[in-house]
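K.L.:
One structure follows; several queries about it will come next.
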């Protein structure tokens, strides 16, 4: 397909064009990559901006149910919603966390919603780039909100936070001991903590959990990009639909404050610089991933392991061999 | 100075030669680097091995006092002891954590001890390489024990653990809440946790802290490279000198078990492979640190930040410009 035609389809908001465009940027074929770059370049100056919302939560907290309920609410308000995922484990687990659209059955049937599974690549760096480019395509396609979901494993939260305007942490009600289970680093990334399943028998526990996290958030250093009262902990119930509009109001209040105070643009610029540096590093390190480089690296690694060669000397030999 | 002469001096255990050799490997001058490589190559096949002990602990836990007391005990047993440091913050704080030998006044006067401050470089990668090479020089100089000290900041524990045979975590007595303050990752690296200041009024608190950590260690997954009962938490008092010989006995028991079970050699081989891969990565990324690369990167970063260029496209331009 012609790139100009595909770009026009994406820009008009056509979901099939968007899906094909994302498939193109996910390809690792060199000729596809060139076309993907041309596509991104053609769409890069649309000026359209979505609200990019990162969402993290461990399995079992109800992420899919939350996204479905929250997404349906936004669609009901006339907004267009895209859902993307960063799941570096998807190749190992044999399927993406978003591979099955039946996870969000109602939302996936909505004309103004777009759901895309995580690209199946084992390298977080590769997944990060594809997801970031998919976000750009969704923005060019005129989506109002882009939700970027991740499971709470390894570095994937950092990756998602670096491409989000707001970062949400979804939690389930739990005893006080669980508080330590959430890594401090993730707490520090969160703009809103949402305690899900705040209904029925779990409501009292959810209230306690929410109060615990609200207390923990107050102990964190105040961030200059936040108005008073943020980051916040709130109660929601994805199954009952309660707390969702309040959460959405808080997200908008925070986004508006940051736009008014210059933090929004500064944050996006800093993210762009970060991804540029990351692209440069990845491109340099990609030279080590050819078959020839890997073979030579294994052989030299054997020499190093048995003490016949020092690490630095072996590195120089490898780079000289690669002409790199 | 002639490299062969310097190598002979180091191999004979001469401390002045060792100090000069370490100064040579710490130099960033290209001609010095070539001579440093020749020196490491000349000394690389001595077959001498020291017990490399990594030691981490936040400021205030009494690291210097511990190293002085522990080092004096080893020296008293006829062992030769070298002390190195990894402190990536040393340039910022205006002085190395080991810059002042008066921190270990008695040990620094011992003929069979050698104390070397952290190299003053801002890049952890650079500090890691120099320290690793300094460890190799200390081994070639016939030291029996090499202590590698680090403050508990950022990634420096990982760096030290990757060049150590044993990893010690030094802690101060503290209330139960403090347990969460130690990152799980560092707990998982530790072979021994030493609760220092277990004397006088602090003894009861130290006992409780030690029991808390012993309990926490039992919850960690059993590691295949450990005999039953490891990792362990022990009480020590660096000022009173109590618990030091017990801690040393545990270190030797663990080292002997690992040697008998093949883990020792496998661990060193894996570390060598790790550092080889790390050297290759650092050498590739070093191309970004020239003045020309930095200037170009800043300019392209400006374009990316204001949205005129996509991160991936800017990365390709940069690498093409660098001919890299």
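None of the figures in this text is laboratory data; all of them are computed from the coordinates on show. Please read these numbers as outputs of a predicted model, since none were measured by experiment. Cβ sites come from the backbone with ideal geometry, for glycine too, and all protein chains shown count toward neighbours.
K.L.:
Ranked highest first by average number of other Cβ atoms within 10 Å, how do B:63-74, A:212-223 line up?
P.N.:
B:63-74, A:212-223
K.L.:
Oh, and also: Give, in nm to one decimal, the length gained when the segment between residue A:283 and residue A:109 is fully stretched (0.36 nm per residue of separation minus the Cα-Cα distance).
P.N.:
Full extension from residue A:283 to residue A:109 adds 58.8 nm.
K.L.:
Would you mind computing, in nm to one decimal, how far apart the modelled labels at residue A:48 and residue A:308 are, each placed 7 Å from Cα along Cα→Cβ?
P.N.:
5.9
K.L.:
What share of the DSSP beta bridges in the range B:155-258 is antiparallel, in percent to the nearest 5?
P.N.:
So the antiparallel bridges amount to about 10 percent of the total.
K.L.:
Averaged over peptide A:279-289, how many Cβ atoms belonging to another chain are found within 10 Å of each residue's Cβ?
P.N.:
Taking all residues of A:279-289 together, the mean is 6.
K.L.:
Okay, moving on. Going by how many other beta carbons lie within 10 Å of each one, how would you line up B:35, B:80, fewest first?
P.N.:
B:35, B:80
K.L.:
Ok, one more. What list do you get for B:1, B:187 if you sort them by fewest beta carbons within 10 Å?
P.N.:
Going from least to most buried by this count: B:1, B:187.
K.L.:
Using the reciprocal of the averaged 1/r over all distinct C-alpha pairs, how large is the Kirkwood radius of the protein assembly as shown in Å?
P.N.:
After inverting the mean inverse Cα-Cα distance, the result is 27.7 Å.
K.L.:
A further question follows. Is the range B:48-261 best put as rounded, prolate or oblate by its Cα gyration tensor, with a ≥ b ≥ c the root eigenvalues, rounded for a/c under 1.5, and otherwise prolate when a/b is larger than b/c, oblate when not?
P.N.:
Rounded shape, in that the Cα axes give a/c under 1.5.
K.L.:
Just counting partner chain Cβ atoms within 10 Å, what average do the residues of peptide B:207-215 show around their Cβ?
P.N.:
Other-chain Cβ atoms within 10 Å of each residue's Cβ, averaged: 0.
K.L.:
In peptide A:293-306, how many Cβ atoms from other protein chains are near each Cβ within 10 Å, on average?
P.N.:
3
K.L.:
Between residue B:240 and residue A:205, how high is the FRET efficiency from 1/(1 + (r/R0)^6) when r is the Cβ-Cβ distance and R₀ = 45 Å? Nearest 0.05.
P.N.:
That pair, residue B:240 with residue A:205, gives E of 0.40.
K.L.:
Here's a follow-up. At residue A:76, label 7 Å along Cα→Cβ: distances to the other copies, nm, ascending?
P.N.:
7.6
K.L.:
Now a separate question. Using only Cα atoms, tell me the angle between helix A:15-26 and the longest principal axis of chain A; keep it within 0 to 90° and round to the nearest 10.
P.N.:
The answer is roughly 40 degrees.
K.L.:
By how many degrees, 0 to 90 and rounded to 10, does the Cα axis of helix B:124-140 deviate from the longest principal axis of chain B?
P.N.:
Approximately 60 degrees, to the nearest ten.
K.L.:
Using the 7 Å Cα-to-Cβ label point, sort the distances from residue A:27 to its equivalents in the other copies shortest first and give them in nm to one decimal.
P.N.:
Taking the point 7 Å beyond Cα along Cα→Cβ, the inter-copy spacings are 5.4 nm.
K.L.:
In deg cm²/dmol, rounded to 500, what helix-only [θ] at 222 nm does chain B give when every DSSP H run of at least 4 residues adds -39500 (n - 2.57) and the total is split over its residues?
P.N.:
-16500 deg cm²/dmol
K.L.:
Right, next: Give, in nm to one decimal, the length gained when the segment between residue B:27 and residue B:252 is fully stretched (0.36 nm per residue of separation minus the Cα-Cα distance).
P.N.:
Additional length available on full extension: 77.5 nm.
K.L.:
Would you work out the relative contact order for the range B:195-249, in percent, from Cα pairs under 8 angstrom that are 6 or more residues apart?
P.N.:
After rounding, I find 42 percent.
K.L.:
Which whole-number percent is the relative contact order of chain B (Cα, under 8 Å, 6+ apart)?
P.N.:
17
K.L.:
Give the relative contact order (percent, whole number) for the range A:1-45; include only Cα pairs under 8 Å separated by 6+ residues.
P.N.:
Relative contact order for the range A:1-45 comes out at 42 percent.
K.L.:
So, one more: For helix A:263-285, report the angle its Cα long axis makes with the longest principal axis of the Cα atoms of chain A; keep it between 0 and 90° and round to the nearest 10°.
P.N.:
30
K.L.:
What nm distances, shortest first, do you get from the label point of residue B:227 to those in the other copies when the point sits 7 angstrom along Cα to Cβ?
P.N.:
List, nearest first: 6.4 nm.
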